[in-house]
1. Which of the residues that make up segment 79-119 are away from ligand 2 (no atom under 16 Å from the Cβ) and either part of a helix (DSSP H, G or I) or not assigned by TED's automatic domain parsing to the domain that holds residue 195 (or both)?
2. Kindly check whether there is at least one residue in segment 43-57 that is assigned by TED's automatic domain parsing to the domain that holds residue 15, among the hydroxyl-bearing types (Ser, Thr, Tyr), more than 28 Å from residue 223 (Cα to Cα) and over 16 Å from the mean Cα position of the chain (by Cα).
3. Does residue 244 count as free of Cβ contacts under 8 Å to residues at least 60 places away in the same chain, out of contact with any Lys or Arg (no Cβ under 6 Å at 6 or more places or on another chain) and not assigned by TED's automatic domain parsing to the domain that holds residue 180?
4. Just one of (1) more than 11 Å from ligand 1 (Cβ to nearest atom); (2) part of a loop (DSSP other than H, G, I, E, B); (3) buried (at least 23 other Cβ atoms within 10 Å of the Cβ) trips up residue 152, so point out which.
5. Can you work out which of the residues in segment 51-66 that are outside any loop (DSSP other than H, G, I, E, B) and more than 10 Å from ligand 1 (Cβ to nearest atom) is farthest from residue 103 (Cα to Cα)?
6. Out of all the residues in segment 106-133, which are among the basic types (Lys, Arg) and crowded, with 24+ Cβ neighbours inside 10 Å?
7. Only one of 196, 188 is in the same structural domain as residue 65 (by TED's automatic domain parsing), crowded, with 16+ Cβ neighbours inside 10 Å and touching a residue at least 40 places away in the same chain (Cβ under 8 Å). Can you tell me which?
8. What are the pairs with Cβ atoms under 7 angstrom where one residue, in segment 143-156, is small (Gly, Ala, Ser) and the other, located anywhere, is part of a helix (DSSP H, G or I) and within 14 Å of ligand 1 (Cβ to nearest atom)? Sequence gap at least six, or different chains.
Amino acid sequence: METLLLKDKDIEKAASIIKKGGLVAFPTETVYGLGADALNPEAVASIFAAKNRPADNPLIVHVASVDEIEKLVFNIPKKAKILMECFWPGPCSLVFRKKEIIPAITTAGLDTVVIRMPDNEIALELIRKSGVPIAAPSANTSGKPSPTTAAHVMHDMVGRIDAVLEGGCCQKGIESTVIEVSTEVPMVLRLGSLSVEDIEKCIGKVEIATETSEVKSPGMKYRHYAPDAKLILVEGDENAVDEKIKELSLKYKGSMTLKREDVAPEKLFAVLRKIETAIVICPSVPEIGLGKAVMDRLRRAASERIVLE
Ligand code: AMP
Ligand code: MG
């Protein structure tokens, strides 16, 4: 299939593709999403096929207004209301109990659905003009770094989807934070562009889900964000890490070493996509603010972790 490259003046065209059950990649403030009508099971099936995404990894549904979610979910917990007031539109994805109207394939058979309102005018206009909620995972091949430019999307998806709507570089660069508020203590199921500190300022203490947590983000069990190179992540105190990296770069001749500023959230995925050496060595960053999400992504991208005492 031919993949059209559309500009923002072509949103109408992009919306008509979505209405007809097609696939359109579009910019958001986090990463580019691969969108289809969330209420159309065949359209949603083609997202999974284009990305080669495992069928048990549910999708996030995108809306353009708070009113739209009433027909999609049963009740809106109080803490969800507070988070929506504080952070919508924005990278705050919330778990709700879903209504029948959302097909099982969209949520991988779960009785919950994750919904967010993106903070990007092109994305919002596309949702409004399509007249339906849009299911959209990141627009990359499953397992690869997420796309933060239209060129990244084209690289992975050309010939596999109907269109890419261009919208420059994504300003945040890391996916949304997924939050479950129906548990006694709210739980962050996936770290992302909204920091834990900002969430806690708004609703108090939250927990961060681990591999063993009872309530989990089903998708987090898969290998993610893997660059083509072997990535060695060196974690620990800054000076000790720098020493270890010197030693490793002598050992692995022809390897490349990343600097801490290379893995700033807005650059991380573009940098992982650009690596041309067989081995890349990367230092850890402090796990405060968005550093938590950066370290989560780096650990999932790494082939080897060296954790210094
Ligand atoms: P992506 O589409 O690549 O941004 O990933 C979406 C993330 O949201 C994955 O980690 C999913 O596991 C998570 N997710 C989507 N729907 C649900 C749900 N109903 N319950 C828990 N996590 C979900
Ligand atoms: Mg993804």
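1. 79, 80, 81, 82, 83, 84, 85, 86, 87, 104, 105
2. Narrowing segment 43-57 to residues assigned by TED's automatic domain parsing to the domain that holds residue 15: 43-57.
Okay, now just the ones that are also among the hydroxyl-bearing types (Ser, Thr, Tyr), so 46.
Then keep just the ones that are more than 28 Å from residue 223 (Cα to Cα); that gives none.
Checked segment 43-57: no residue is assigned by TED's automatic domain parsing to the domain that holds residue 15, among the hydroxyl-bearing types (Ser, Thr, Tyr), more than 28 Å from residue 223 (Cα to Cα) and over 16 Å from the mean Cα position of the chain (by Cα).
3. Numbers: free of Cβ contacts under 8 Å to residues at least 60 places away in the same chain: no; out of contact with any Lys or Arg (no Cβ under 6 Å at 6 or more places or on another chain): yes; not assigned by TED's automatic domain parsing to the domain that holds residue 180: yes.
Spelling it out, it is not the case that residue 244 is free of Cβ contacts under 8 Å to residues at least 60 places away in the same chain, out of contact with any Lys or Arg (no Cβ under 6 Å at 6 or more places or on another chain) and not assigned by TED's automatic domain parsing to the domain that holds residue 180.
4. Exception for residue 152: condition (2).
5. So the first thing to find is which residues in segment 51-66 are outside any loop (DSSP other than H, G, I, E, B), and the list is 51, 60-62, 66.
Within this subset, residues satisfying the condition of being more than 10 Å from ligand 1 (Cβ to nearest atom) are 62, 66.
Details: 62: 15, 66: 20 Å.
Selected residue: 66.
6. Filtering segment 106-133 for residues among the basic types (Lys, Arg) gives 116, 128-129.
Hit for segment 106-133 is 116, nothing else.
7. 196
8. That search, which allows pairs on different chains as well, returns 146/269.
The values are calculated or read from the model by the stated rules, or taken from the named source; none is laboratory data. Values in this document were obtained by computation on a predicted structure and should not be read as measured data. Positions of Cβ are backbone-derived with ideal geometry, glycine not excepted, and every protein chain shown enters the neighbour counts.
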